[in-house]
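Just so you know, all these numbers are worked out from the coordinates, no wet-lab data involved. This one's a predicted model, so the numbers in the text were calculated from it and none came from an experiment. Note that each Cβ is placed from the backbone with ideal geometry, even for glycine, and that neighbours are counted across all protein chains shown.
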Amino acid sequence: MTFNRFKNTHLFIEGIITCIFAFCHTTSFSQNLLQSPRMKRPDFTTTLLVDQSTTEAFKAINNVRGWWSEEIEGNTDKLNSEFKYHYQDVHRSQMKIIEMIPGKKIVWLVIDNYFKFTKDKTEWKGTKIVFEISKTGKKTEIRFTHVGLIPEYECFEICRDAWTNYIQNSLRSLITTGKGQPNGTGKPQTENEKKLGSDK
């Protein structure tokens, strides 16, 4: 009697475990797991392909004044160097170059930041800006990722639009033609820069 009860309990538990494993392997469960916040990489990223070499792309990225802002202060092409970016009184940021592999990778650490238009003025602080360069067939691929720039940030929409413009348009132009479209005093390059720069 006791043996049969133990056997039935064992079979019952075995049945539950089997059901759990079967559920875990269903498509819907796998999709939900992959879509969970912990599995996502929501950092902003954008990629471009160019005909120029990885060396030319690397050199252009390091010429930050040529594609992001004419008013960059500091050295932008040496490991451990720091430089400052600002656009009027709308955005100020200080970067440190923490990784640099010629023709392959560049990483900036945002060590200070100020936004005029967000409640948390330092939203970028502690994030990283990563450029990964590689060959894809006969073309060069530049993958830009702002690690830590996520949809929860108040600045996300504005920053996403700005980065998309500066990477896909200005940096691409600098690499392919030798001339980018950086901003500067009185030279906004996006609609948001025009609007925020004119706000009193």
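Miscellaneous remarks
- Sum of side-chain charges, Asp120 neighbourhood, beta-carbon under 13 Å (Lys, Arg +1; Asp, Glu -1): +1
- With 0.36 nm allotted per residue and the present C-alpha distance subtracted, the Ile111-Ile150 stretch has 12.3 nm of extension available.
- Here the label points at Arg143 and Asp43, each 7 Å from Cα along the C-beta direction, are separated by 1.1 nm in the simple model.
- Straight-line reach from Lys116: taking Cα to Cα under 20 Å and skipping same-chain neighbours fewer than 8 places apart, the lysines in range are Lys84, Lys125, Lys187, Lys194, Lys195, Lys200.
- Spacing of the modelled spin labels on Lys96 and Lys187, each 7 Å from Cα toward Cβ, amounts to 3.0 nm.
- Amide H contacts of Asn183: Ser69, Glu70, each under 5 Å away and 5 or more positions distant or on a separate chain (H built 1.01 Å from N in the peptide plane; Pro and chain starts excluded).
- Relative contact order (percent, whole number), region 37-109, Cα cutoff 8 Å, 6+ residue spacing: 21 percent
- Bridging of Lys59 to aspartates and glutamates at a Cα separation below 20 Å is possible for Asp51, Glu70, Glu71, Glu73, Asp77, Glu82, Glu99, Glu132, Glu141, once same-chain residues fewer than 8 apart are set aside.
- The Asn75 and Thr164 beta-carbon pair, evaluated with R₀ = 35 Å, returns a calculated FRET efficiency of approximately 0.85.
- Each residue in Thr136, Thr55, Thr118 was given a count of other beta-carbon atoms within 10 angstrom of its own, and listing them fewest first yields Thr136, Thr55, Thr118.
- Share of alpha-carbon pairs per 10 Å distance bin for region 41-189, given as whole %: 12, 43, 37, 7, 0
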